[in-house]
Amino acid sequence: MAGRGEQRQTWLVLGASSSVARAFARVVAEDGADVILAGRDMDDMRGTAGDVSIRTGRKVDVLSFDAEDPAGHEAFAADAGKRAEFLNVFLAFGAMPEQEEIDADFALAERAIAVNYTGAVSVLHRLAPHLEAQGDGHVVVLSSVAGDRGRLKNYVYGSAKAGLNTYLQGLRARLFRKGVSVTTVKPGFMDTDMTWGLDGMFLVASPEQAARACLKAARKRRHVVYVPFFWWGIMTIIRHIPEFIFKKMNI
Ligand SMILES: NC(=O)c1ccc[n+]([C@@H]2O[C@H](COP(=O)([O-])OP(=O)(O)OC[C@H]3O[C@@H](n4cnc5c(N)ncnc54)[C@H](OP(=O)(O)O)[C@@H]3O)[C@@H](O)[C@H]2O)c1
């Protein structure tokens, strides 16, 4: 991807053991960028790093990163900033405990909030000054259609993603002033570990399709995209169902 001048592009991929993140790393490396894979599963990320660098000849680093350890995020962001001439950020990490399990154990609600909201805000907060200093670049964040409306079967996860969406609106306004785009990606269903074995899945996107849609959206500096695009229509209908009906629906 072209950046300002001749600077070498790097994508920092947060939550790099997600299959969407793995696919995204491959896609951006094929496109000519270096990659920093960051997450908890070092073995998985080393495997991805070897695969991507052999296929594409690009430099792929691996960094340890835990979204639930905000105290470590300042040093992590400084390290990532130093490794890249020109940094772009793809945030893929997330956690979706089943709502019924959350109802029985508040610790799971805390985890969903800590990963999907606090962890994302914490690391983006620490990365923002590096991006501002560059005066260009992209931030792409995997949120969810679940943030568009609180549902009986997914409302804690959905509320964390809704909070994230609002944070990203503000971050977009801040970074826009320095030439950096912020794209909120709202996937419907993707075929990943998170959805493995779940009932009621339909119109499921592959990790590769989702990764390509994310890169395309970054290039176009889109604000918010639904992946696949037709989820925009589905969520428009869902958002407009009157509350007195919606509260009775078993979704
Ligand atoms: N799959 C879907 O249908 C769907 C739909 C809408 C939105 N999304 C969103 O898309 C993103 C990718 O999800 P996915 O479907 O690829 O699910 P996934 O395979 O479960 O991936 C989630 C990723 O988050 C990482 N993660 C969890 N807790 C972490 C922590 N404390 N610190 C660092 N990394 C952590 C996991 O790392 P470990 O391997 O270390 O656990 C894993 O790499 C998530 O933000 C999810 O909310 C997914």
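The values are calculated or read from the model by the stated rules, or taken from the named source; none is laboratory data. Since the model is a prediction, treat every value here as computed from it, not as a measurement. Backbone-built Cβ (ideal geometry, glycine too); neighbour counts: all protein chains shown.
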When region 122-145 is examined, which residues are found to be part of a helix (DSSP H, G or I), out of contact with any His (no Cβ under 7 Å at 6 or more places or on another chain) and either more than 10 Å from the ligand (Cβ to nearest atom) or over 22 Å from K247 (Cβ atoms) (or both)? L124, H125, L127, A128, P129, H130, L131, E132, A133, Q134
Taking region 52-102 and keeping only residues that are surrounded by 20 or more Cβ atoms within 10 Å (Cβ to Cβ), within 16 Å of the ligand (Cβ to nearest atom) and among the small types (G, A, S), one is left with A67, A77, A80, A92, G94
Selection status of L203, among the hydrophobic types (A, V, I, L, M, F, W, C), within 21 Å of N116 (Cα to Cα) and loosely packed, with under 14 Cβ neighbours inside 10 Å: no
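Every residue, every condition in (1) at pLDDT 95 or above; (2) polar (S, T, N, Q), yes or no:
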| position | (1), (2) |
| --- | --- |
| A162 | yes, no |
| L168 | yes, no |
| A173 | yes, no |
| G179 | yes, no |
| T184 | yes, yes |
| F189 | no, no |
| T195 | no, yes |
| A205 | no, no |
| A210 | yes, no |
Cβ-Cβ under 8 Å, sequence separation 6+ or interchain: first residue in region 193-210 and free of Cβ contacts under 8 Å to residues at least 40 places away in the same chain, partner more than 11 Å from the ligand (Cβ to nearest atom) and of a type in the set (G, A, S). Which pairs? A205/A213
Number of the exception - M201 against (1) closer than 16 Å to R22 by Cα; (2) assigned to a loop (DSSP other than H, G, I, E, B): (1)
Those residues of region 1-38 which are assigned to a loop (DSSP other than H, G, I, E, B), in contact with a Phe, Trp or Tyr (Cβ under 6 Å, 6 or more places away or on another chain) and within 16 Å of the ligand (Cβ to nearest atom), in sequence order: G15
Subset of region 146-194, residues near the ligand (Cβ under 9 Å from one of its atoms) and hydroxyl-bearing (S, T, Y), comes to Y157, T192
